[in-house]
Amino acid sequence: MTMIDAVALDTALTLLSTSLDAWIWVIPGLLIGLVFGALPGISITMAMALFLPMTLYMEFLPAIIFLTSIFTGAGFGGSVPAVLMNIPGTSSAVATTFDGYPMARKGMHNEALGAALGASVTGALVSYTVLFFLIVPLSNLVIKMGPLEMLGITVWGLLMLGSLTGVSLLRGMIAGVLGVLIGTVGMNTAGYLRGTMDIPELLDGVSKVPALMGLLAASALFSLVNSKFIIDSDAGRELSAKRMLVGFLSIFKHKVCQIRGTLIGIFIGATPGVGSSVSNLLSYSEAKRNSSDPDSFGKGNIEGVIAAESANSSSEGGSMATMLALGIPGGGATAVLLAAFAMHNVVGGPNFVDKSKDVVYTILLSNVGQCLLLFPVGFLFIYFASSLVKVPLRFLIPAVLTAAVFGAYALDNSSSGPITLVFFAIFGWVLARYKYPPAAVVVGMLLGGLVENEALKTMQISDGHLGYVFERPAAIIIFALMMLSIALTIRVKIKKSKERRLLEQQGSSTA
């Protein structure tokens, strides 16, 4: 069976090369995505949903290309506030804050933004190219993924808590457990209520985006009250296109980190219900585990930015695979795309891929074009957006907090969003004040509910029999890879500990 239908490919290339409508909406879509992705509290899904009604008056292909351009732009846009203000513009940019913001504080915001753009462009480009060749085999693999396999992926992501413990392992684990408990507040899939305290707004759980904005952003801004600028030195606040380009090219210096993050993003992005919020955390964790200098992570290591952004952007291609080939949305953004399909009387799924390969190829080739255009458009965007480092904090802090409050309100159109933001801002500041890592709470919140839901589904399907694990080869492979990753990490730590002791002994003997 040939992977590429030559006739359908030729039709797709002809359609893209002769139709102005296919391209005229790409740059506006990228700009909309970049701006909305950079706004605190405005998710990719919300940005796409706001412009969905507009596509009703377009032809099918221009409509889908416009929405996918917003998808591509917003995927990177969230990294801009993550680097400059410690605010993940979207939940999929959480891990970008871990090293992006420390780099900005050290005056390396140009390099951090350039690396984020490079990782995003390359990750998305590779994912769509892989999808172009492997859409059918990949969709056949994904359809076999059940709750047990998803449980393995989310548990693997949860093990990242060990990478975020900071100085004290105990404090890091306590913070992580708190996050898991907060993430399981509300009604679970079995119908049990936990921790709602008779507050109706908590029935669906704690709103994740306002909570993580409070924990990561507002609490960090409180600590800057006595500073004049985000970056203290005048030289560090300079905008440099050359340094941004150096950051962009750094992905080739750290190509193993880039490739690993891209592969993680493609696979996890293709898994329905998991998405980029897990892939960027897992990629960051694996980058730290495999680094020759893991202690530098969280202090401004460019590999952390590359790992997070490559997985975040490459998950776009994975989620598109499940949407096109199976008619199953990989997340909220692809659910909006499916709604656009329905508005034009088109149904995604195996029949669509089989009967309309030329349309599928046209969409995927336009996605590749969007990734290439993201470089110049994104480069200009980050150059002007990085001017924020020159704004005095006495103006920036109230402006950012106000934008965060409005963004939190926009999520549910109720006061529960701003209240959640304020509560977790104070909570995050207290955690940081007493050396408990707020990032560990965020990871626990994002993954705790997912782990519980997939564990419950697995228990219901297996009827509680442990032998069910051995009936799922894919799950065995995932858990084996997870254990291998842990074993290798322990081995590296033991080796480094021995080397450190040997150096200390040599130092004492020479003294």
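Anything in the range 71-89 that is open to solvent by 10 Å² or more (accessible area, probe 1.4 Å) and under 18 Å from Gly269 (Cα atoms)? List them, or say none. Spell out the reasoning first.
From the range 71-89, those open to solvent by 10 Å² or more (accessible area, probe 1.4 Å) are 71, 85-86; that's our starting set.
Correct list: Phe71 only.
Assuming Gly265 fulfils every condition listed in (1) open to solvent by 10 Å² or more (accessible area, probe 1.4 Å); (2) assigned to a helix (DSSP H, G or I); (3) modelled with pLDDT under 90 apart from one, which condition is it?
All conditions pass for Gly265, except number (1).
Checking the structure you have, find out if any residue of the range 14-24 is of a type outside the set (Lys, Arg) and on the phi > 0 side of the Ramachandran plot. Spell out how you get there, then give the answer.
Just the residues of the range 14-24 that are of a type outside the set (Lys, Arg), to begin with: 14-24.
From what's left, on the phi > 0 side of the Ramachandran plot: none.
Looking for residues that are of a type outside the set (Lys, Arg) and on the phi > 0 side of the Ramachandran plot, one finds none in the range 14-24, hence no.
Step by step: first the residues of the range 334-380, then only those that are outside any helix (DSSP H, G or I) and in contact (Cβ under 8 Å) with a residue 12 or more places away in the chain, then the one that is most open to solvent (accessible area, probe 1.4 Å). Which residue is that?
Result: Val347.
Could you go through the range 179-196 and let me know if any residue there is part of a helix (DSSP H, G or I), crowded, with 24+ Cβ neighbours inside 10 Å and at pLDDT below 80. Before the answer, list the steps.
Applying the first criterion (part of a helix (DSSP H, G or I)) to the range 179-196 yields 179-183.
Still in the running and crowded, with 24+ Cβ neighbours inside 10 Å: 179, 183.
Filter once more, so that each one left must be at pLDDT below 80: none.
For the range 179-196, residues part of a helix (DSSP H, G or I), crowded, with 24+ Cβ neighbours inside 10 Å and at pLDDT below 80: absent.
When residues of the range 147-158 are filtered for being at pLDDT below 75 and surrounded by fewer than 20 Cβ atoms within 10 Å (Cβ to Cβ), how many remain?
The qualifying residues number 0.
Would you point out which residue out of Leu15, Leu39, Leu34, Leu30 is touching a residue at least 24 places away in the same chain (Cβ under 8 Å), open to solvent by 40 Å² or more (accessible area, probe 1.4 Å) and either closer than 22 Å to Ser319 by Cα or more than 17 Å from the chain's Cα centre (by Cα) (or both)?
Details: Leu39 fails: either closer than 22 Å to Ser319 by Cα or more than 17 Å from the chain's Cα centre (by Cα) (or both); Leu34 fails: open to solvent by 40 Å² or more (accessible area, probe 1.4 Å); Leu30 fails: open to solvent by 40 Å² or more (accessible area, probe 1.4 Å).
After applying the criteria, what remains is Leu15.
So, in the range 442-468, exactly how many residues are touching a residue at least 12 places away in the same chain (Cβ under 8 Å) and either closer than 22 Å to Val180 by Cβ or under 29 Å from the mean Cα position of the chain (by Cα) (or both)?
Qualifying residue count for the region: 17.
When you check Thr322 against the structure, is it open to solvent by less than 20 Å² (accessible area, probe 1.4 Å), in contact with a Ser or Thr (Cβ under 6 Å, 6 or more places away or on another chain) and assigned to a helix (DSSP H, G or I), yes or no? I'd like the intermediate steps shown before the answer.
Working: open to solvent by less than 20 Å² (accessible area, probe 1.4 Å): yes; in contact with a Ser or Thr (Cβ under 6 Å, 6 or more places away or on another chain): no; assigned to a helix (DSSP H, G or I): yes.
Considered against the rule, which asks whether it is open to solvent by less than 20 Å² (accessible area, probe 1.4 Å), in contact with a Ser or Thr (Cβ under 6 Å, 6 or more places away or on another chain) and assigned to a helix (DSSP H, G or I), Thr322 comes out as no.
One residue is enough: does the range 284-293 have a residue meeting the conditions surrounded by fewer than 24 Cβ atoms within 10 Å (Cβ to Cβ), of a type in the set (Ser, Thr, Tyr) and more than 10 Å from the chain's Cα centre (by Cα)?
Checked against the condition, which is being surrounded by fewer than 24 Cβ atoms within 10 Å (Cβ to Cβ), of a type in the set (Ser, Thr, Tyr) and more than 10 Å from the chain's Cα centre (by Cα), the range 284-293 yields at least one hit.
Can you find a residue in the range 304-315 that is in contact (Cβ under 8 Å) with a residue 12 or more places away in the chain, within 22 Å of Met58 (Cβ to Cβ), assigned to a helix (DSSP H, G or I) and charged (D, E, K, R)? Step through it out loud before you land on a result.
So the first thing to find is which residues in the range 304-315 are in contact (Cβ under 8 Å) with a residue 12 or more places away in the chain, and the list is 304-315.
Pick out the ones that are also within 22 Å of Met58 (Cβ to Cβ) and you get none.
No, because not a single residue in the range 304-315 is in contact (Cβ under 8 Å) with a residue 12 or more places away in the chain, within 22 Å of Met58 (Cβ to Cβ), assigned to a helix (DSSP H, G or I) and charged (D, E, K, R).
Among the residues of the range 314-322, is there at least one that is touching a helix residue (DSSP H, G or I) at 6+ places or on another chain (Cβ under 6 Å) and of a type in the set (Asp, Glu)?
yes
State yes or no: is Val405 without any contact (Cβ under 8 Å) to a residue 60 or more places away in the chain, under 30 Å from Gly107 (Cα atoms), assigned to a helix (DSSP H, G or I) and under 25 Å from the mean Cα position of the chain (by Cα)?
Values: without any contact (Cβ under 8 Å) to a residue 60 or more places away in the chain: yes; under 30 Å from Gly107 (Cα atoms): yes; assigned to a helix (DSSP H, G or I): yes; under 25 Å from the mean Cα position of the chain (by Cα): yes.
Considered against the rule, which asks whether it is without any contact (Cβ under 8 Å) to a residue 60 or more places away in the chain, under 30 Å from Gly107 (Cα atoms), assigned to a helix (DSSP H, G or I) and under 25 Å from the mean Cα position of the chain (by Cα), Val405 comes out as yes.
Here is a list: Thr458, Thr420. Which entry is in a helix (DSSP H, G or I), in contact with an Asp or Glu (Cβ under 9 Å, 6 or more places away or on another chain) and open to solvent by less than 40 Å² (accessible area, probe 1.4 Å)? Steps first, please.
Numbers: Thr458 fails: in contact with an Asp or Glu (Cβ under 9 Å, 6 or more places away or on another chain).
That would be Thr420, the only listed residue that is in a helix (DSSP H, G or I), in contact with an Asp or Glu (Cβ under 9 Å, 6 or more places away or on another chain) and open to solvent by less than 40 Å² (accessible area, probe 1.4 Å).
Identify, please: which residue in the range 94-139 is of a type in the set (Gly, Ala, Ser) and more than 24 Å from Ser285 (Cβ to Cβ) and is, among those, modelled with the highest pLDDT? Explain how you work it out, then say what you get.
Restricting attention to the range 94-139, the residues satisfying the condition of being of a type in the set (Gly, Ala, Ser) are 95, 100, 104, 107, 112, 114-116, 118-120, 123-124, 127, 139.
Now narrow it down to the ones that are more than 24 Å from Ser285 (Cβ to Cβ): 107, 139.
Working: Gly107: 82, Ser139: 59.
Ranking the candidates gives Gly107 first.
Taking the condition of being open to solvent by 10 Å² or more (accessible area, probe 1.4 Å), part of a helix (DSSP H, G or I) and either under 16 Å from Gly298 (Cβ atoms) or not polar (S, T, N, Q) (or both), how many residues in the range 90-120 meet it?
Qualifying residue count for the region: 5.
Provide a single number: the residues in the range 384-399 that are in contact with a helix residue (DSSP H, G or I) (Cβ under 6 Å, 6 or more places away or on another chain) and either closer than 30 Å to Asn345 by Cβ or surrounded by 16 or more Cβ atoms within 10 Å (Cβ to Cβ) (or both). Before you say what the answer is, go through the steps one by one.
We begin by selecting, within the range 384-399, every residue in contact with a helix residue (DSSP H, G or I) (Cβ under 6 Å, 6 or more places away or on another chain); these are 385-386, 388-390, 397.
Restricting the remaining residues to those that are either closer than 30 Å to Asn345 by Cβ or surrounded by 16 or more Cβ atoms within 10 Å (Cβ to Cβ) (or both) gives 385-386, 388-389, 397.
Going through the range 384-399 one residue at a time, the tally reaches 5.
The values are calculated or read from the model by the stated rules, or taken from the named source; none is laboratory data. Bear in mind the structure is a predicted one, so any value in this text is a computation, not a measurement. Neighbour counts are summed over all protein chains in view; Cβ atoms, including those assigned to glycine, are modelled from backbone coordinates with ideal geometry. In case anyone asks, the SASA skips ligands and DNA or RNA and just uses the protein heavy atoms, side chains included. Shrake-Rupley method; radii C 1.70, N 1.55, O 1.52, S 1.80 Å.
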